[in-house]
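Derivation of every value follows stated rules applied to the coordinates shown; laboratory data play no part. As the structure is a computational prediction, the values presented were derived from the model and not from experiment. Neighbour counts run over all protein chains shown; Cβ positions are idealised from the backbone, glycine included.
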Amino acid sequence: MKILVINAGSSSLKYQFIDMNGEILIAKGVCDRIGVPENSNIEHKVGDKKFSKKIAMPTHVEAFEAVIDSLTNGEGKVINDISEISAIGHRVVQGGSIYGESVLITDKVLTDIDELAELAPLHNPANAQAIRACIKVFGPDVPQVATFDTAFHQTIPEKAFMYGIPYEYYEKYNIRRYGFHGTSHRFVSKRCAELMNKDLKDVKMITCHLGNGCSISAIKDGVCVDTSMGLTPLDGFMMGTRSGGVDPSILTYIMKKDNISPDEMNSILNKKSGLLGISGISNDSRDVIAAGEAGNHRARLAFEMQNYQVAKFIGSYAAAMGGVDAIVFTGGIGENERRSRKYVCEMVEFLGFKLNLENNDTSGQEIKISSEDSKVQVWVVPTNEELLIARDTLEIVSK
Ligand code: ADP
């Protein structure tokens, strides 16, 4: 069975086309600048070959038509006809307290995604728009599945998902921790347990997804019991451009001092903070680390702050679970950045392991980076959210 996986934003649409017989990636690509028809284009990749085309894409409908055209025609052709696409899996950001797992998309599911837009105004409307466009282009007979970023975290107990503000805000506005990156945490935790030759149920695991967005999850008895992102993907610790958790009074203080609106404050916290805000150089950890090594104090500080905060989360989740058996690094930084992993691991070695420096010096591969005799194992596991969406889609449509 061949499955198309879609990750759509308001102006972009990423896709992967996967043959589930062997879980082989057949083709992938991205449609950019949807809504800006004079500038929109598709980049389609098959193996090492790249095919770029300028195509007017006023809406997601034209983007899906361009995806079909790239898969079925021209040099990047991989199938003869769209009937070879058996099902479609969509990444959806916010599933609220309704969805603890992936589901077949029905009218009710689409309405729920619309209604949950209140909690994810930047993401859910675009996800819903893309799903509707997809149904229009592929027709109602191709099954479509939604996989939610929040679903894996639905097992988090009340004491961990509630914020210490008046209870009525939970009742009135559903304000609570939802957590994000769930598909990634689920993928790497399952894979790490396999690599350890253990059942995930028997491993207390801390998964660190460190990319541009960053989050850490605690997994016990096979389910997520806590995670660092919250009501929105802003909570937790310092990211590329996001602040992570800060003293909430800072917000009202700055807003009053500089006379700025809630939206402006929101933009400062989401787009101008984190590695970028502290270093003043970049949100990209590679640039920040290079500048720090060249002697730039604020860049070095940004690097240290982020990794110090990661180590503190690991310590607190070890406390939350009464111990830890495995720590996993994933995401662009987690998979590739030996200096970040070294900084964090050296801070938490007291938990019961020693870093294997030689293995830690690798990049982008599945590898154990703790020494052989460690009580706690530390692994690098590249994430693959699209594959997990495809697996869920296959499972749901095969029922
Ligand atoms: P996103 O959260 O947007 O999916 P990624 O997971 O791609 O982002 O992570 C982006 C971060 O990963 C950036 O800070 C970047 O510097 C870092 N990164 C990506 N590739 C490498 C690499 N080869 N070496 C070091 N850092 C990397």
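When the alpha-carbon atoms of the chain are used, the pair Rg, Dmax equals 21.4, 62 angstrom.
Note on the stretch 199-355: Lys pairs 8 or more places apart or on different chains, Cα atoms under 29 Å apart, count 22. What the Cβ-Cβ distance of S97 and D221 gives, at R0 = 25 Å and to the nearest 0.05, is a FRET efficiency of 0.75.
The order of S228, S215, going from fewest to most other C-beta atoms within 10 Å of their C-beta, is S228, S215.
Here's the list of lysines a cross-link from K53 could span, going by alpha-carbon distance under 25 Å and ignoring same-chain residues fewer than 8 apart: K2, K14, K28, K45, K77, K136. Structural descriptor for the chain: relative contact order 13 percent, calculated from alpha carbon pairs under 8 angstrom and at least 6 residues apart. The listed peptides 356-368, 298-310, ordered by packing as a protection proxy, come out as 298-310, 356-368 (highest mean of other Cβ atoms within 10 Å first). For the listed peptides 1-8, 254-261, 198-205, 178-185, a ranking on the average number of other beta carbons within 10 Å per residue, highest first, reads 178-185, 1-8, 198-205, 254-261. Roughly what % of DSSP beta bridges within the chain run antiparallel, to the nearest 5? Counting DSSP beta bridges with both partners in the chain, the antiparallel share is about 70 percent.
Its Cα centre serving as origin, the chain has a Cβ charge dipole (Lys and Arg +1, Asp and Glu -1) of approximately 620 debye. The value of relative contact order for the stretch 56-175, using C-alpha pairs under 8 Å at least six residues apart, is 34 percent. When you count the other C-beta atoms within 10 angstrom of each residue and take the mean per peptide, 377-389, 342-354 line up highest first as 377-389, 342-354.
By the rule of a C-alpha distance below 12 Å, with chain neighbours fewer than 8 residues away ignored, the aspartates and glutamates paired with K50 are E75. Residues in the stretch 40-55 carry Karplus couplings, in order, of 6, 8, 10, 10, 10, 10, 10, x, 8, 8, 10, 10, 10, 9, 8, 9 Hz; the curve used is 6.51 cos²θ - 1.76 cosθ + 1.60 with θ = phi - 60°, and Gly or Pro positions show x. Centroid-to-centroid, using Cα positions, the stretch 343-399 and the stretch 152-205 are 18 Å apart.
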